[in-house]
Structures are given as structure tokens and as C-alpha cells.
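Worksheet: one structure, shown below.
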Amino acid sequence: MEIVRSVADAVRAARALPRPLGLVPTMGALHEGHLALVERARTVGASTMATIFVNPLQFGPNEDFAKYPRAFPADAKLLEDAGVDLLFAPSVDEMYPPGFTTSIDPGAIGSRFDGALRPGHFRGVATVCVKLFAIAGCDVAFFGAKDAQQVAVLRHVVRDLRLDLTIDVVPTQRAADGLALSSRNAYLSAGERAAAPGLYRALRAMTDAAARGEDDRNRIIAAGRVQLRMPLREAYLDVVDADTFAPVDAVAAQARPRSLLAIGSVWIGQTRLIDNLQLSIAPQPASAASARRA
Ligand code: AMP
């Protein structure tokens, strides 16, 4: 695995790789979730480029940029063992040299939920990803389903700007108790870690309610909310269209052909976790379905 630090070296090395080239952008502190992206990239592409960059543009002034976990030597070994061909790990100055002013604003889709809680976050994500796509010149970029709003934003960016690449989404990797793997899980105390799967249970309660035929957004949210107990504090629970992240009121009517998600976020102490599950909707009774068709 070649490791490069400068944009110029990354461009040169990426252009020399066999096509199709898959890109796996990360912020490091790697876990099995990241490695699932690499594994998928290796099956889809002829070569794989990973990036490690803790992107200051996507952190707010009072967020965890400075203390975000960094583990470069261990991360590089994991990526090499996973079969990555090229690792790009730039400095902040290399990505944002003095005079850098351009940013990509994803619009309304980037201002809901995590975008409302973290103003400017998705502008930072979109900007760094478009820059990484341009540097890599990749054919496919791989992202995790755990960060569903990020996926929605980036799909829009690629579509809106007619970028010549495909976004490929890899299922969320979870611990045995359901907790979605995340670099931020490292912030949790033992007690907080034990409570954290409550978020997954809330999302399961929401998808179970929809699968039983519950159609009302507020009642689906309420089914999830009863699963959240201290020390978990709700940041949001909702049912959204996976493409727009707009909340969906009547679930069954909008479930086809749209894909819907139960999304959730909780605070545990100083840490905020996010997760989501796809909604599967109860089959409609024949009479209701034919009434809609009529
Ligand atoms: P991050 O380093 O947190 O920016 O994540 C880098 C990529 O890994 C993003 O596309 C994430 O969605 C993805 N990712 C993080 N956690 C998981 C997980 N538990 N399962 C699948 N993908 C994940």
C-alpha cells in the first residue's frame, strides 16, 4: 500500500491505478464498519484508495475536532491488511491551503436533523467529499448506511453537479447488542456503552410498528420513544424519505416507490450517537390497495 500526504502525489498515484477505482473516505480511528466499506470496494473495483482526514470544515466551533480519536499507524496497518492500494492522509493545510474559500452548500437536505444540530456540517462534508472525488478521480465512492443523511446529501451533490461517479452504500455494521459501530463509541463510559443499544431498540420498535401496519408518523415515533430511558436523551426520532430526509406523515401511502427510514439520535453524556433503520411496510389489504388504484 502506497501512503501519500500531498494532493499532487495522491493525484499522480490514483491516476496510475487500474480501473474501476473505488474510494473509501474516512476520518480514521477505524473499526469493522470502515473495513466493510473497504471489503465492498475491493469486490466492486479493480483498485481501492482510502483516505484518512479529520475534516475541520464539518465540525462546529464547540465540537470534538481537537479530541476526535486519531490512530494513524494502527489505521494504516488495518487498511494495508484489508488490501487497500493507496492511502491518502493529508494535513489540514494541504487540503485547505491559505486562500481556500470555496464550499458546496447542499441546501435544505443539509439543514435538517444533523444539519440543524450541526450548522454547516453537511457543507463541510460535501466540500471535502467533492475535493476528494476530484483528487481521486474515482469511479465509485463507498459510504456507510449508518450516516444516512450524509448519503442523501452526497447522492444529491453527485446528481446536481453531474459528477461522473457512483455512490455505493454499505449496510451498517453493528455490535452483537445492536449498537452501530462508530469511532465516537470510544467516548462512552462502561455504563454509557451498556445503555447505548437503547437507540437501536427504539429504531427497531419504530420499524416493528410500521411493519404491523402503523401508518401514523407520530405514533411510530412514540413507539420508539418509550425505549429511550436515562442516560439516553433524545436528540431526534423521526420517519423520513431516505432521498430527501423530509419527514413523512402517512407512511404506507408514501412507502412505494419511496424508501423510508426510521432515524434517531441520542445524547449520552457529552456524546451524541446516530443510527437508522429502513422501514418495511405491512402489506396493504387488497381492498385498500384497489381503492387507491381506483
Ligand atoms: P467516519 O470515519 O466516521 O467519517 O466514517 C467513514 C465512513 O465509514 C462513512 O461512510 C461512514 O458512514 C462509514 N461507517 C462508519 N460507521 C459505520 C458502520 N457502523 N457501518 C458501516 N459503515 C460505517
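The values are calculated or read from the model by the stated rules, or taken from the named source; none is laboratory data. The structure presented is a predicted model; accordingly, all values stated were derived computationally and were not measured. All Cβ positions, even for glycine, are placed from backbone atoms using ideal geometry, and neighbour counts span all protein chains on display. We work out accessible area using only protein heavy atoms, side chains counted, and drop any ligands, DNA or RNA first. Shrake-Rupley method; radii C 1.70, N 1.55, O 1.52, S 1.80 Å.
Quick look at the numbers
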{"item": "Ranked by how many other beta carbons lie within 10 Å on average, peptides 210-222, 65-77 from highest", "result": "210-222, 65-77"}
{"item": "Gained length - ALA250 relative to ARG193, 0.36 nm times residue gap less alpha-carbon distance", "result": "17.1 nm"}
{"item": "Solvent-accessible area per residue for segment 124-230 (1.4 angstrom probe, square angstrom)", "result": "43 Å²"}
{"item": "Per residue Cα convex hull volume in Å³ - calculated over segment 75-165", "result": "125 Å³"}
{"item": "Carbon/sulfur fraction of accessible area - the chain, other protein chains in place, 1.4 Å, %", "result": "53 percent"}
{"item": "C-alpha center-to-center spacing [segment 33-55, segment 90-110] in angstrom", "result": "22 Å"}
{"item": "Computed accessible area, ARG258, all protein chains, 1.4 angstrom probe, square angstrom", "result": "100 Å²"}
{"item": "Only Lys, Arg (+1) and Asp, Glu (-1) charged, at Cβ; segment 220-272 dipole about Cα centre in debye", "result": "220 debye"}
{"item": "Hydrodynamic radius (Kirkwood) for segment 78-225, which is based on Cα pairs only, to one decimal in Å", "result": "18.2 Å"}
{"item": "Nearest-20 debye value, the chain charge dipole, Cβ charges on Lys, Arg, Asp, Glu", "result": "540 debye"}
{"item": "Choice from ALA242, ALA175, ALA195 showing the highest fluctuation, given a GNM over the chain with Cα pairs closer than 10 Å", "result": "ALA175"}
{"item": "Point-charge dipole on Cβ atoms (K/R +1, D/E -1) for segment 84-197, about Cα centre, debye to 20", "result": "360 debye"}
{"item": "Contour excess over end-to-end distance, with Cα ends at ARG12 and ARG225 and 0.36 nm allotted per residue", "result": "71.6 nm"}
{"item": "Dipole of the chain [Lys/Arg +1, Asp/Glu -1 at C-beta], most positive-end residue of ALA74, LEU279, SER265", "result": "LEU279"}
{"item": "Extreme residue, positive dipole direction of the chain, given options ALA136, THR207, PRO231 (C-beta unit charges)", "result": "THR207"}
{"item": "For segment 13-156, alpha-carbon Rg over 2.2 N^0.38 Å", "result": "1.02"}
{"item": "Point-to-point label distance, SER280-ALA176, nm (Cα→Cβ direction, 7 Å offset)", "result": "2.4 nm"}
{"item": "Euclidean distance of C-alpha centroids, segment 1-29 and segment 183-223, integer Å", "result": "37 Å"}
{"item": "Hydrodynamic radius of the chain per Kirkwood, over alpha carbon pairs, in Å", "result": "20.2 Å"}
{"item": "Residue-level accessible surface for CYS138, protein heavy atoms, 1.4 Å, Å²", "result": "10 Å²"}
